[in-house]
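What follows is calculated from the coordinates using simple rules that are stated; it is not laboratory data. From a predicted model like this one, the values you see are computed outputs, not experimental measurements. For neighbour counting, all protein chains shown are included, and Cβ atoms are generated from backbone atoms with ideal geometry for every residue, glycine included.
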């Protein structure tokens, strides 16, 4: 039979922002208990005292704080350098039978410019290419017969080197993207490999995003 503590934990963990705020001691537990009381009653199908919910929350908060401080923050404290690139263009094309052939031509272009930053990300129905905006004419010429779903310019990228243990700790990306969301930073694209990831943002938000990422482990 499910307990009050189990029900409370399930409810809170379905709301990541609430979970984080509770772990940081920013939530009034009595008010929270009053707010989730109807949900707990419905979940357990019986009358529940509000005080029991408060006690369950008090027991849960230190556990959440431990998970954040001792696992995730251990990785965030070891983030590597942040590389910033500006003046980027972002193209998204519909996947077609000719797209791969045109991508080969595109790779020949970037291969002749070894210092050029570019990224290609293919989904089921779309392919996105991020490249320096000074190559807009070349890209648009190569893919002139493809369907352009979107084109964005005036973008910057921030690439972060992650410690190797990042793949063994759950929640790393959540806490990074949570802080970006809290600061109102809109992410245009996300590009990742095993030990690094890149976010693409508007030029006017790159300085704010850099400061936030630089201070993640503090």
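Given N residues in region 20-140, what is its alpha carbon radius of gyration divided by 2.2 N^0.38 Å?
Numbers: Rg = 25.8 Å, N = 121, 2.2 N^0.38 = 13.6 Å.
Normalised Rg, Cα atoms only: 1.89.
Give me log10 I(q)/I(0) at q = 0.20 Å⁻¹ for region 72-192, Debye formula, one equal scatterer per alpha-carbon, no solvent.
Taking Cα atoms of region 72-192 as identical point scatterers yields -1.14.
Specify the residue with the greatest mean-square fluctuation among 157, 141, 192, computed from a Gaussian network of the chain linking alpha-carbon atoms under 10 Å apart.
141
Suppose a student asked you for the relative contact order of region 82-214, using Cα pairs under 8 Å spaced at least 6 residues apart; what percent would you report? Present the calculation step by step, with values, prior to reporting the outcome.
Details: 196 pairs, mean separation 41.7, N = 133.
Relative contact order comes out at 31 percent.
Given a Förster radius of 22 Å and the C-beta distance between residue 58 and residue 182 as r, what FRET efficiency does 1/(1 + (r/R0)^6) yield to the nearest 0.05?
Numbers: r = 25 Å, r/R0 = 1.13.
About 0.35, to the nearest 0.05.
As a test of the formula, what do you get for the chain when each DSSP H run with n ≥ 4 contributes -39,500 (n - 2.57) and the sum is divided by the residue count, at 222 nm and rounded to the nearest 500 deg cm²/dmol? Write down the numbers at each step before the final one.
Numbers: 9 runs with 96 residues, N = 218.
-13000 deg cm²/dmol, from helical runs alone.
Bin all alpha-carbon pair distances of region 128-218 at 5 Å intervals from 0 and give each bin's fraction as a whole percent.
Here the calculated profile for region 128-218 is 2, 11, 22, 21, 16, 12, 8, 6, 2, 0.
Per q in 0.26, 0.30 1/Å, what log10 I(q)/I(0) does a Debye calculation on the alpha-carbon atoms of region 177-218 return?
The Cα Debye sum returns log10 ratios of -1.01, -1.21.
Taking 7 Å along the Cα-to-C-beta vector as the label spot, tell me the residue 96-residue 13 distance in nanometres, rounded to one decimal.
Once both label points are built, they end up 4.7 nm from each other.
Which residue, 200, 187, 142, tops the fluctuation ranking in a GNM of the chain built on C-alpha contacts under 10 Å?
For the chain, modelled as a Gaussian network with Cα springs under 10 Å, the answer is 142.
More than 10 angstrom separation, counting every C-alpha pair in region 131-171; what % is that?
Across region 131-171, Cα pairs with separations above 10 Å total 80 percent.
So, in Å, what gap is there between the alpha-carbon centers of region 165-194 and region 1-49?
26
Would you mind calculating the gained length between residue 149 and residue 211 on full extension (0.36 nm times residue separation, minus the Cα-Cα distance), in nm to one decimal? Provide the component values of the computation, followed by the final result.
Working: separation 62, 0.36 × 62 = 22.32 nm, distance 3.18 nm.
Contour length minus Cα-Cα distance gives 19.1 nm.
Mind telling me which of 186, 49, 195 comes out most flexible in a GNM of the chain, alpha-carbon contacts under 10 Å?
In the Gaussian network model the winner is 49.
If you average over every viewing direction, what projected area does the convex hull of the Cα atoms of the chain give, in nm²? Provide the component values of the computation, followed by the final result.
Values: hull surface 61.9 nm².
Approximately 15.5 nm², given one-decimal rounding.
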